[in-house]
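Notes to accompany the following structure.
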Amino acid sequence: MSAKKAKGAGVEMEDEDNGDIEVLLGGFGGQGIILSGLILGKAASLFSDKRSAFTQSYGPEARGGSCSANVIISDDEIDYPYVTEPHHVIFMSQGAYEKYVTNLRPNGKLLYDEDLVELKYRRNDIHRFGIPATRLAEGLGRRIVANIVMLGFLTAVTKVVDYDAMKSAILDTVPPGTEDLNLKAYNAGYDHGVKSIEHHEKQAKD
Amino acid sequence: MKAEYALTGRWYLNGDLACAEGALAAGCRFFAGYPITPATEIAERMAIRMPQVDGIFIQMEDEISSMNCILGASWGGKKSMTATSGPGFSLMMENYGLGIMMEVPTVIVNVMRGGPSTGLPTLVGQGDVMQTKWGTHGDIQAIALSPQSPQECFDLTVRAFNLAERFRTPVVLLTDESVGHMTEMVEIPPPGSIKLVDRKKPRMKPENYLPYEGGKDLVPPMPAAGDGYRIITTGLTHDERGYPIVTSETQEKLIDRLDRKILDFKDEIIDNEEFLLKDADVVVVTYGISSRPSKRAVKLARRDGIKAGMLRLRALWPFPEEAIQELASHVRGFVVPEINQGQVVLEVQRAVCGQTEVKHLGCAGRIHHPSEILSAIEEVEK
């Protein structure tokens, strides 16, 4: 049993582990965080044999400040549609990291843009994976695809959806004419993720 | 709908967008509204989609005119809809009653947020259930449906149109911010395979037509303006000819027919989902987004050996009191989780009539966590 926080309730409550995988993506407005959540949910729902529910932080405070996308992925029907204690968190801003990192469940994976997020808090019960996503995107010519780099990284590191499902969801979503750039970004993130995982597993063995 | 503009197959849509697509699939070709959080996405979608299907989208100056506009469009022969949230729904109340009195098929979507007044524009609420039944003056029978997912936003919007056409009355889709802004897979059947209902048109000669004479089903046939039938329609109490006759006899006859055209046929409207009810000791009565944590709570209770079940109301009005009464005779109690201070619970209590415990579990601006509902189930089970 793990403790779960009800949305906005501010009280600890219990629920059993129900097989849902909870993913939280956080950053600031304009980085494409919400679109990333939509693409991830779509990859699970439309391009994998899974179900997903996608929600987003929604309110006046989200404009220009921290924003988050919440995705639940499951093999079964999803009852409670909000992320309470994520298995995976992806941060592209310091603000989002500071706001949401404590929710990450023990043994969870923390993915972050290493140029934008400084890991201030010590947590030894989680796995950390950094990537210079925005820098890699700039190398491809457009920093706007940093979120797609991150989706590639997420796919390789967390394996919540497979490579092809995420690729299909990206191509299904991005504007016509931008497919090549987005695929390059996706592959850049994915390759970085494969290396990170190898490195992480090697370290764990040592 | 022209085939190239009909969405079919599997889509990843939020509840608001699914609602707009449901309306289009149901044959809605007129939308008038005033954008309001959290219903804005419906208007946005309609603004894009209506021109594609040769329909009309109008952004009105407010919700009062929006409501009037869809009544007029319906008299013009179109299936029409508006979408709003609490503050707009309040403004629509007078002409919602006009639609009921003139017997105009149309659909009002209310994506509920926290109230009263401006309240919580961006956060969920379920506070408009009683307003749907009692918010307009006079005696009315409401028809209201309550979806729990984007898929049901599609399905129940289609159903709302079918019921509006069948009963010749405004139907309310009472959804909420959580469902409206949640994105899930929505499966849309091909256009020909969706069952659609169209209003009954008069077949008699125009000189024999009485615009407010109900037939066997108490619903008068409805021509469109320009069909050649002479129409008088008014919000005043009227006789079969539509003439305003402000006497108690006319009022009694008219209101009786308006009530019975819905209540005598309410089995066509009532739509309950039963989950683990057969041997249940404690029954969670739920609707809309609250159904989802409720279902989870029922599963958790069963895991703990408590015989819990769930009765989910996909139609809130007319209220399915017989189903509650039947359960009340043999269960230990009811739990009614709602994102309000107690509305549907009053109807449950009315049906239970003191036979057994009815526990309300309220919250505000958020949905219940399953563990809260589980605790309430445990309390009632003791």
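Coordinate-derived values only; no laboratory data. Just so it is clear, the model here is predicted, and its values are computed rather than measured. Don't worry about glycine lacking a Cβ; one is built from the backbone with ideal geometry, like all the others, and counts go over all protein chains shown.
Assorted remarks:
- Residues A:THR158, B:THR40, B:THR118, arranged from fewest to most other Cβ atoms within 10 angstrom of their Cβ, appear as B:THR118, B:THR40, A:THR158.
- Here the protein assembly as shown is treated with +1 on each Lys and Arg Cβ and -1 on each Asp and Glu Cβ, and its dipole about the Cα centre works out to around 720 debye.
- Summing Lys and Arg as +1 and Asp and Glu as -1 over all other residues whose Cβ lies under 13 Å from the Cβ of B:VAL104 gives a net charge of +2.
- Charge tally in the Cβ shell below 15 Å around B:LEU254, where Lys, Arg are +1 and Asp, Glu are -1, B:LEU254 excluded: -3
- Cross-link pairs A:LYS159/A:LYS202; A:LYS120/A:LYS159; B:LYS216/B:LYS261 - those with Cα-Cα distance over 21 Å: A:LYS120/A:LYS159
- Take the Cα of B:LYS201, step 7 Å toward its Cβ, do the same at B:GLU274, and the gap between the two points is 4.1 nm.
- By the Cβ rule of 4.7 Å, the protein assembly as shown holds the following cysteines without a possible disulfide partner: A:CYS67, B:CYS28, B:CYS69, B:CYS353, B:CYS363.
- Listed pairs A:LYS195/B:LYS295; B:LYS201/B:LYS266; A:LYS167/B:LYS195 exceeding 31 Å between Cα atoms: A:LYS195/B:LYS295; A:LYS167/B:LYS195
- Computed label-point distance, nm, for sites B:LEU236 and B:ILE64 using a 7 Å Cα→Cβ extension: 2.1 nm
- Degrees between helix B:248-263 axis and first principal axis of chain B (Cα, 0 to 90, nearest 10): 50 degrees
- Choice from A:GLY65, A:GLY177, A:GLY189 showing the highest fluctuation, given a GNM over chain A with Cα pairs closer than 10 Å: A:GLY177
- Here the sum of -39500 (n - 2.57) over DSSP H runs of 4 or more residues, divided by the residues of the protein assembly as shown, equals -11500 deg cm²/dmol at 222 nm, to the nearest 500.
- Per-residue Cβ neighbour rank within 10 angstrom, fewest leading, B:MET182, B:MET101: B:MET101, B:MET182
- The angle between the Cα long axis of helix B:86-102 and the longest principal axis of the Cα atoms of chain B comes to about 50 degrees, rounded to the nearest 10.
- Cα→Cβ-extended label distance, 7 Å offset, between B:ILE255 and B:ASN208, nm: 3.3 nm
- Degrees between helix B:40-52 axis and first principal axis of chain B (Cα, 0 to 90, nearest 10): 40 degrees
- Residue exposure sequence - B:THR169, B:THR356, B:THR37 - by fewest surrounding Cβ within 10 Å: B:THR356, B:THR37, B:THR169
- Per the Kirkwood formula applied to alpha carbons, chain A shows a radius of gyration over Rh ratio, Rg over Rh, of 0.94.
- Calculated over the protein assembly as shown: convex hull of Cα atoms, volume per residue (Å³): 159 Å³
- Between segment B:236-312 and segment B:313-382, the C-alpha centres lie 13 angstrom from each other.
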